[in-house]
Every structure is written in structure tokens, then in C-alpha cells.
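First comes the structure, then the notes that go with it.
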């Protein structure tokens, strides 16, 4: 089995990642069962591998995010997690895009494109003033959505 040891600086949520190959066609000799979703691979030590964060394995048919750690006996342990967005061809999947408000242009609710029936549901919104620091952990635009009861009727 061979792998390509790579590095990417792309956002994990991007399908087409910008990948730089550190070392191509690195031989792997499995010593036990390898998971197709979360493989743990052992390779000979090379200091270049320590900067790797992405693996491509043609035999497993997947691309993986990875972390590299140094083991004894001049070995590196590469712990991987499948990258589902890049491992599978999603171009023919039927999807429904609910909304895209655009970067830097929040619409503030209520949103006329929100997929609910305004004549059947009471939609309300309150712009909250951030004073506690609870809403700033993941960026400058955070939302709290509360749904009370009911059964979806799509």
C-alpha cells in the first residue's frame, strides 16, 4: 500500500482543497487491520512528515486529514480521519440550498427566504446585545435559534 503525504492550508469545509505533496508514494506495510474511515498508519521517520496534515491513499479510495506523531524505533504514527468532502464525487448529488446570505452582509431576521410558512407560523426575531461574551466564540456573527414544539410538515 502507498500513500501520498501532503499538506493543505484550505478550510476543511472546502471541497477542492489546495494540496501540496510533501512525499509521494510512501510505502506502508500494515501490521494490523486498517480502518477505511480512521486509519492509523506507521511509516519510517522523516522530519518532513512532521508538517503534514493531509494524506491521500489510492488503495483505500479516500483522502484524510491527519496528525503525525513520532514513535520509537525511528517511526512516525499518522492518525487519519476521512475527508468526506474530497473523498467522494458529490457533483451529481441532489441538494437543496436553503439560503446564502453572503459574507459580511447579514440580513438580520426575519428572513423572507427562510423556508417556513409565515401564514402558518409565527416568526419573530430579537437582535441581542452581546454583553456576556457567550456569542463571540466562533466569530463576529453568531445566532441563537429557538424552536418550540410542533411537528415539521414538509
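The values are calculated or read from the model by the stated rules, or taken from the named source; none is laboratory data. In this text, all values refer to a predicted model and were calculated from it rather than measured experimentally. Counting neighbours? That spans all protein chains shown, and the Cβs are built from the backbone with ideal geometry, glycine included.
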message: Residues that are closer than 25 Å to residue 90 by Cα: list the strands (runs of 3 or more DSSP E) wholly contained in region 1-64 that include at least 3 such residues.
response: 2-8, 19-27, 54-57
query: Taking region 13-43 as the region of interest, how many residues are surrounded by 13 or more Cβ atoms within 10 Å (Cβ to Cβ) and in contact with a helix residue (DSSP H, G or I) (Cβ under 8 Å, 6 or more places away or on another chain)?
result: 5
- prompt: Looking at (1) closer than 15 Å to residue 86 by Cα; (2) over 17 Å from the mean Cα position of the chain (by Cα), can you tell me which one residue 19 breaks?
  reply: (2)
- request: List the number of the failed condition for residue 76; all other conditions in (1) modelled with pLDDT under 90; (2) surrounded by 11 or more Cβ atoms within 10 Å (Cβ to Cβ) hold.
  value: (1)
Enumeration of residues in region 65-78 that are at negative phi and assigned to a loop (DSSP other than H, G, I, E, B): 72
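Is it the case that some residue within region 83-93 is assigned to a loop (DSSP other than H, G, I, E, B), at pLDDT 85 or above and under 20 Å from residue 31 (Cβ atoms)? Working first, answer last.
Within region 83-93, the first condition is being assigned to a loop (DSSP other than H, G, I, E, B), and the residues that meet it are 83, 88-93.
This time we only want the ones that are at pLDDT 85 or above, so: 83, 88.
Then keep just the ones that are under 20 Å from residue 31 (Cβ atoms); that gives none.
No, region 83-93 contains no residue that is assigned to a loop (DSSP other than H, G, I, E, B), at pLDDT 85 or above and under 20 Å from residue 31 (Cβ atoms).
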- request: Consider only pairs whose beta carbons are under 9 Å apart and that are at least six residues apart or on different chains; among these, list those whose first residue lies in region 38-51 and is free of Cβ contacts under 8 Å to residues at least 60 places away in the same chain and whose second residue is in a helix (DSSP H, G or I) and surrounded by 13 or more Cβ atoms within 10 Å (Cβ to Cβ).
  value: 43/49
